[in-house]
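The values are calculated or read from the model by the stated rules, or taken from the named source; none is laboratory data. In this text the structure is predicted, and so the values were computed from the model without any measurement. In this analysis, Cβ positions are derived from the backbone assuming ideal geometry, glycine residues included, and neighbour counts consider all displayed protein chains.
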Amino acid sequence: MKLQARDIPPRSVWVLEQAGIHPLLARLYAARGITSTEQLDDALAKLLPPSTMLGLDRAATLLADAIAQNQRLCVVADYDCDGASACAVALRGLTLLGARHVHYIVPDRLMDGYGLTAPIAQRVKDSGADVLITVDNGIASIEGVAHARALGLRVLVTDHHLPAVSSAGGAATVLLPDADVIVNPNQPGCGFESKSIAGVGVMFYVLLALRSELRARGVFSAATQPKLDALLPLVALGTVADVVKLDANNRRLVAQGLKRVRAGALPAGLASLFVASGRQASRATSFDFGFALGPRINAAGRLADMRAGIECLLCDDPARADELARALDAINRERRVIEGDMREQALQIAESLLDPNDEPPPAICLFDPDFHEGVVGIVAARIKDRFHRPTFVFATSSASGHEHELKGSGRSIAGFHLRDALDLVAKRHPGVLLRFGGHAMAAGCTIDEDALDTFEQALTTVAQEWLDVATLTRRLETDGPLALEYRRVDLVDALQKEVWGQGFAAPVFSEEVEVLSQRLVGEKHLALKLKHQGQPVDGIWFSHTEPLPAKATLAFRLDADEWNGVRRVRFLIEAAQI
């Protein structure tokens, strides 16, 4: 592991300090590209205007007409936390804006596959709906949208994923579904600056545009219009949980959601999830959304039925919300057990692939008939972290009629665009990939079980061509040394209130410390007594058992540990450069 200090532009630090930003925060912000306090203004008025998102005006017209005609609306959700929160935002928001008949359908990850399929479109039609609205999916559902339109449904696609691309004839062509309206900042011709907005954020913008259209029609005035900011806690949850880049617009959405959660203005279901996960809503952080609440929602989609997650986010009855949150917590505990067993099995397979120098292959592909389809993505991430290689983990499809297929989920390393790699595999080996999609760091695909060896060899070839020594060197960017004067509980609290996440990394400091003592706790965590700049401080390295030398350069996050009512700073160790 190579620890690499971020560049800290002194001019930006000075500008931020002169504007009244705390020196430590000024340094951290400057290292993340912030050059002025205007970029830190999280006011709702600073959000990118809806007018710049292609299709929003037509989406607002379609929905306003449907509401005026008392038509039935059906939301087709996705089965992850972004999809669940987007569904809850859609139902809550449409109801607030006057829709009297709105319901939802969420595909089953194992039985239905991903996105709007023809059978799902048929279910929507059979439910009596007039308008089908996708959230967090649909941009690649060419056949599903066509079938829905053939059934007489009007179709609004809201999504944030990349469209499908056809290479027929040698030229790459973007394929879009033939929906009535598409709202997706990643579709051709959309000038919306935040290409990283989550699916739930796209749906929130649709509601903003719809409210504006209803104002123009005289349904509401500025004084009587519903306040959509009540939806922001759900927008923040889905945005963080989907691990999208926290650009300025996404940070504003998350910051506004966190403010409302801390003030107690959150749905009962969300409040119950905080309790079930042992977190305090009054001190909510983006970390809570990403590592406590998000996984509990996701677990429902992985192992059970995402309707439990969506119902929890829709619930306003505290007693019922507690039941749902406890059920989600139990599913998540089951997920951890399954994941743990599968991870150990996957590690054994991966270690068998090491060469005589203990080096892994350029890309790792793992499959076992006992692997659970619902957790392949999590396990792929764990293997990728362990070996620092692009990794795909496959499981046998449980969808009816597709038992001969393998469904894989991949995770990548910086410098290796996973979706582009899959696209190249598809071009070189037509027919091997039955379906695929994703982004640079995460992607999924479906292959015939007989094609596994071909896929593995093809992906390995691409990895050999694209990866070099620099890419394969594991690096961790840090914020350099921590001044002793900043090792304070109040600054720990101040840092935790900030919005950190993908593309705006939480602070990680690094410097050489003395290791005064170390011991294992819980058989898998290393508890440390350290000397930092001449002063003692506690440290803990979770899921690490190897002892450290007397002196080591450590990368660490700041945390506040409470013992006998006294809160003290401790270091959460991330890595060591010995």
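Just to be sure, is V124 part of a helix (DSSP H, G or I), in contact with a Pro (Cβ under 7 Å, 6 or more places away or on another chain) and either assigned by TED's automatic domain parsing to the domain that holds E403 or crowded, with 24+ Cβ neighbours inside 10 Å (or both)? No, not satisfied.
This table checks each residue for (1) closer than 15 Å to R411 by Cβ; (2) surrounded by fewer than 22 Cβ atoms within 10 Å (Cβ to Cβ); (3) more than 20 Å from the chain's Cα centre (by Cα).
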| position | (1), (2), (3) |
| --- | --- |
| N357 | no, yes, yes |
| P360 | yes, yes, yes |
| C365 | yes, no, yes |
| D370 | no, yes, yes |
| E373 | no, yes, no |
| A381 | yes, yes, no |
| R389 | yes, no, yes |
| V393 | yes, no, no |
| T396 | no, yes, yes |
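When the residues of segment 127-161 are filtered to those that are in a loop (DSSP other than H, G, I, E, B), farther than 24 Å from A68 by Cβ and of a type in the set (D, E, K, R), which remaining residue is farthest from the chain's Cα centre (by Cα)? Of everything passing the filter in segment 127-161, D159 is farthest from the chain's Cα centre (by Cα).
Among the residues of segment 479-511, the ones that are in contact with a strand residue (DSSP E or B) (Cβ under 9 Å, 6 or more places away or on another chain), in a strand (DSSP E or B) and not charged (D, E, K, R) come to 2 in all. Screening I297, I331, I349 for residues that are among the β-branched types (V, I, T) and farther than 20 Å from G444 by Cβ leaves exactly one candidate, I331.
For segment 423-452, the tally of residues that are within 18 Å of S141 (Cβ to Cβ) and of a type outside the set (S, T, Y) stands at 10. In summary, S286 fulfils each of the numbered conditions (1) polar (S, T, N, Q); (2) over 15 Å from the mean Cα position of the chain (by Cα); (3) crowded, with 24+ Cβ neighbours inside 10 Å with the single exception of condition (2). Only residues that are in a loop (DSSP other than H, G, I, E, B) and either in contact with a helix residue (DSSP H, G or I) (Cβ under 8 Å, 6 or more places away or on another chain) or over 22 Å from V235 (Cα atoms) (or both) were counted across segment 162-189, and they come to 14. Could you please tell me which pairs satisfy a Cβ distance under 9 Å, a separation of 6+ or placement on different chains, a first residue in segment 452-468 that is under 14 Å from E359 (Cβ atoms) and free of Cβ contacts under 8 Å to residues at least 24 places away in the same chain, and a second residue that is of a type outside the set (A, V, I, L, M) and assigned to a helix (DSSP H, G or I)? Close Cβ pairs satisfying both conditions: none exist. Listed by position, the strands (runs of 3 or more DSSP E) inside segment 352-449 whose residues that are touching a helix residue (DSSP H, G or I) at 6+ places or on another chain (Cβ under 9 Å), under 29 Å from A172 (Cβ atoms) and charged (D, E, K, R) number at least 1 are 405-411.
Annotation note: of A30, A26, the sole residue that is assigned to a helix (DSSP H, G or I), under 27 Å from I413 (Cβ atoms) and hydrophobic (A, V, I, L, M, F, W, C) is A30.
To keep it simple, each residue is scored yes or no on (1) outside the structural domain of C190 (by TED's automatic domain parsing); (2) out of contact with any Asp or Glu (no Cβ under 7 Å at 6 or more places or on another chain); (3) among the hydrophobic types (A, V, I, L, M, F, W, C).
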{"site": "E17", "(1), (2), (3)": "yes, yes, no"}
{"site": "P23", "(1), (2), (3)": "yes, no, no"}
{"site": "R32", "(1), (2), (3)": "yes, yes, no"}
{"site": "T37", "(1), (2), (3)": "yes, yes, no"}
{"site": "A66", "(1), (2), (3)": "no, no, yes"}
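Filtered by the rule that a residue be part of a loop (DSSP other than H, G, I, E, B) and modelled with pLDDT of 95 or more, segment 306-346 gives C315, D316, D317. When segment 109-121 is filtered for residues that are crowded, with 16+ Cβ neighbours inside 10 Å and part of a loop (DSSP other than H, G, I, E, B), the ones remaining, listed by number, are R109, L110, D112, G113, Y114, G115, L116, T117.
Out of L16, L47, L3, one residue alone is within 21 Å of S194 (Cα to Cα) and touching a residue at least 12 places away in the same chain (Cβ under 8 Å). It is L47. Scanning segment 548-578 for residues that are not β-branched (V, I, T) and not in a strand (DSSP E or B), we see that the one that is surrounded by the most Cβ atoms within 10 Å (Cβ to Cβ) is L548. Kindly indicate whether any position in segment 66-73 is within 30 Å of A443 (Cβ to Cβ) and either part of a helix (DSSP H, G or I) or not basic (K, R) (or both). Scanning segment 66-73, I find no residue that is within 30 Å of A443 (Cβ to Cβ) and either part of a helix (DSSP H, G or I) or not basic (K, R) (or both), so the answer is no. In segment 250-278, the residue that is surrounded by the fewest Cβ atoms within 10 Å (Cβ to Cβ) out of those that are in contact with a helix residue (DSSP H, G or I) (Cβ under 7 Å, 6 or more places away or on another chain) and within 11 Å of V235 (Cα to Cα) is Q256. Just name the residue that is surrounded by the fewest Cβ atoms within 10 Å (Cβ to Cβ) out of those in segment 520-542 that are more than 34 Å from the chain's Cα centre (by Cα) and not in a strand (DSSP E or B). Among residues in segment 520-542 that are more than 34 Å from the chain's Cα centre (by Cα) and not in a strand (DSSP E or B), the one surrounded by the fewest Cβ atoms within 10 Å (Cβ to Cβ) is G534.
Could you list, in sequence order, all residues of segment 262-288 that are closer than 24 Å to Q502 by Cα and assigned to a helix (DSSP H, G or I)? Within segment 262-288, R262, L270, L273, F274, A281, S282, R283, S286, F287, D288 meet the criteria. Residue pairs whose Cβ atoms lie under 9 Å apart, separated by 6 or more positions or on different chains, with the first residue in segment 213-236 and outside the structural domain of L96 (by TED's automatic domain parsing) and in contact (Cβ under 8 Å) with a residue 60 or more places away in the chain and the second surrounded by fewer than 16 Cβ atoms within 10 Å (Cβ to Cβ) and outside any loop (DSSP other than H, G, I, E, B), do not occur. The criterion of being part of a helix (DSSP H, G or I), modelled with pLDDT of 95 or more, hydrophobic (A, V, I, L, M, F, W, C) and under 24 Å from D453 (Cβ atoms) holds for I349.
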